[in-house]
Amino acid sequence: MIELRQVTKRYRRKIALNEVNITLTPRKIYGLVGENGSGKSTMLKLIAGLIYPTRGEVLVDGNRVDRRVSSVVSFLSELDEYYSFFNVEQTIAFYHSQFPDFDLEKANEMVKFMKLDRKAKLKELSKGNRGRLKLVLSLSRNAPIILMDEPLSGLDPMVRNSIVKGLISFIDIDKQLVLITTHEIQEIENILDEVIAIKDGKIIGRKVVEQLREQENVGIVDWLTSIYE
Amino acid sequence: MTPWIHLTKKELRLGFPAFLFSMIGSFGVFVLWFVLGIESGFIWEGMMMWSVLAILFNFFYLVFYMSYSLNAERKRMHLWLHNPLPTYKLLLAKFVSGLFYMFIFLFTIIIVIGVSYGNVNFSMQMDDWKMTFYLSVAYYLIFIVSNGWGFTFLWTVYMSFIKFIHPFFSFVLTIVILMFLFWMIDLSSVLFQWGEIESHLITGFEFTATEETFHLNFGEIPTTFYIGHFIGALLLILFFFIGSAWILDRKVEV
């Protein structure tokens, strides 16, 4: 379980998150949506222990988060940076050596599913294939919490489609909590359990996606547009 | 232990360009000295001079290496720090890979010294050469290691400042801290001036270039070693090491 209690995060003069209170429970896929600079990435980095709150506290399974929360949190960054001297196979082997929960069999299965060349150097991979590899590295861990920051950003529709299929096939929803930030809402709408809207560092709405569709008869984009205006 | 070994292997690959650069650079300077030596008729003396320069560079080898490796990591801090290993192990992996390359570099210097030593009119008289040799090597290595950890400490300090202030002012503030550290080390050095081992170990030093063109002769060089200095340097290394790991763990953000 993830809890943010009165969390404020300030970067020099800019407030990225402002007194955020939120609880996320296991066995669900959450979508965190909002415009650029609304605080989505900040929230994910706080949960991953890569930054610290200016005020308030972030808890994972009741424990205050620090950098070593990475033993239970798998974080996929929006950044397109890697150890370019490795090839695909070596990158997977390196992750396998660093994370005890890394499932090599699952990784190999995903590599096949994503049609990645195991011997290709990372610097020679297309952006789409690097995006696919990021997904392999992130989902091959049997971590109880998976954080994905813009996994579809800047990728062509075919790659986005294969990544969404990868999400559906390789997330173990009975055990994992997944939090995804994205601008490509419509493409992941069908796999989300809940959607959280964020604006100017504040949570402005939270909905169960199924209820939104059945009771209010609107999609996430329409709902987001209505509360953003 | 295994994850750390794999991490160290990664560090060796990440830091390889720095090692390659140092080897190519030193080879270039070596060739330059060699050519100058051939033209002036002092080949062996030229090689010896190169060795002296290389030994001086080696003093700061770990500063150079850690600077390269840490700055290469700056672009991908989310990869480096998103790791269940404790921070001190992340830093140690970098440091051990740097030490490995430093010793290879040092080995090449030793080979050049070994080759040119017998061909240069150079002699050194010592009361107890073994003691002098061991103590000098210990001093040398401690100095290299403390430089490396000192740089790492200042890098983490700089990285922790930039989340609050502009990078330029972070740099200035880090320089101020460096000055303060120099002042503190200087101030506290008197506390560690104990345990004198032996002085005046080197009783003679002579370097003569052929055809009476160059001659150097020292009578007695005062060489005093203090056990306190070793202890002080080790405490300083420990302070830099623990300080870097603590700051990286709690104050540096991605």
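The values are calculated or read from the model by the stated rules, or taken from the named source; none is laboratory data. Not measured: the values here are computed from a predicted model. Neighbour counts are summed over all protein chains in view; Cβ atoms, including those assigned to glycine, are modelled from backbone coordinates with ideal geometry.
Does the range A:34-64 hold any residues that are assigned to a loop (DSSP other than H, G, I, E, B) and of a type in the set (Gly, Ala, Ser), and which are they?
The initial filter retains those residues of the range A:34-64 that are assigned to a loop (DSSP other than H, G, I, E, B), namely A:34-39, A:48-54, A:61-62.
Across the range A:34-64, the qualifying residues are A:Gly34, A:Gly37, A:Ser38, A:Gly39, A:Ala48, A:Gly49, A:Gly62.
Which is modelled with pLDDT of 85 or more, away from every other protein chain (no Cβ under 14 Å) and either buried (at least 19 other Cβ atoms within 10 Å of the Cβ) or over 30 Å from A:Val73 (Cβ atoms) (or both), of B:Phe122, B:Phe105?
B:Phe105
Restricting the search to the range B:158-198, which residues are in a helix (DSSP H, G or I), over 30 Å from B:Trp129 (Cα atoms) and aliphatic (A, V, I, L, M)?
B:Met159, B:Val172, B:Leu173, B:Ile175, B:Val176, B:Ile177, B:Leu178, B:Met179, B:Leu181, B:Met184, B:Leu187
Per-residue answers, yes or no, for (1) buried (at least 17 other Cβ atoms within 10 Å of the Cβ); (2) within 13 Å of another protein chain (Cβ to nearest Cβ):
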position: B:Leu90; (1), (2): yes, yes
position: B:Gly98; (1), (2): yes, no
position: B:Gly114; (1), (2): no, no
position: B:Val137; (1), (2): no, no
position: B:Tyr140; (1), (2): no, no
position: B:Gly150; (1), (2): yes, no
position: B:Lys163; (1), (2): no, yes
position: B:Phe168; (1), (2): no, no
position: B:Phe171; (1), (2): no, no
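Does B:Met49 satisfy the criteria of being assigned to a helix (DSSP H, G or I) and touching a residue at least 40 places away in the same chain (Cβ under 8 Å)?
So B:Met49 does not fit the description; no.
Considering only residues of the range A:35-55 that are more than 10 Å from chain B (Cβ to nearest Cβ) and on the phi > 0 side of the Ramachandran plot, which is surrounded by the fewest Cβ atoms within 10 Å (Cβ to Cβ)?
Among residues in the range A:35-55 that are more than 10 Å from chain B (Cβ to nearest Cβ) and on the phi > 0 side of the Ramachandran plot, the one surrounded by the fewest Cβ atoms within 10 Å (Cβ to Cβ) is A:Gly37.
Tell me yes or no: at least one residue of the range B:29-42 is of a type in the set (Asp, Glu) and within 30 Å of B:Gly118 (Cβ to Cβ).
Looking through the range B:29-42, at least one residue is of a type in the set (Asp, Glu) and within 30 Å of B:Gly118 (Cβ to Cβ).
Any residue in the range A:64-77 that is among the charged types (D, E, K, R), under 18 Å from the mean Cα position of the chain (by Cα) and either at pLDDT 95 or above or surrounded by 21 or more Cβ atoms within 10 Å (Cβ to Cβ) (or both)?
Checked against the condition, which is being among the charged types (D, E, K, R), under 18 Å from the mean Cα position of the chain (by Cα) and either at pLDDT 95 or above or surrounded by 21 or more Cβ atoms within 10 Å (Cβ to Cβ) (or both), the range A:64-77 yields at least one hit.
Quick test for you: out of B:Leu81, B:Leu90, pick the one residue that is in the same structural domain as B:Leu14 (by TED's automatic domain parsing) and out of contact with any Lys or Arg (no Cβ under 9 Å at 6 or more places or on another chain).
That would be B:Leu90, the only listed residue that is in the same structural domain as B:Leu14 (by TED's automatic domain parsing) and out of contact with any Lys or Arg (no Cβ under 9 Å at 6 or more places or on another chain).
Within the range A:84-107, identify whether any single residue is more than 24 Å from A:Leu152 (Cα to Cα), surrounded by fewer than 16 Cβ atoms within 10 Å (Cβ to Cβ), among the acidic types (Asp, Glu) and within 12 Å of chain B (Cβ to nearest Cβ), and answer yes or no.
Looking through the range A:84-107, at least one residue is more than 24 Å from A:Leu152 (Cα to Cα), surrounded by fewer than 16 Cβ atoms within 10 Å (Cβ to Cβ), among the acidic types (Asp, Glu) and within 12 Å of chain B (Cβ to nearest Cβ).
Residues that are hydroxyl-bearing (Ser, Thr, Tyr) and at pLDDT 90 or above: does the range B:172-193 have at least one? I'd like the intermediate steps shown before the answer.
Initially, the range B:172-193 is screened for residues hydroxyl-bearing (Ser, Thr, Tyr), giving B:174, B:188-189.
With the extra rule that they be at pLDDT 90 or above, the set shrinks to B:174.
For the range B:172-193, residues hydroxyl-bearing (Ser, Thr, Tyr) and at pLDDT 90 or above: present.
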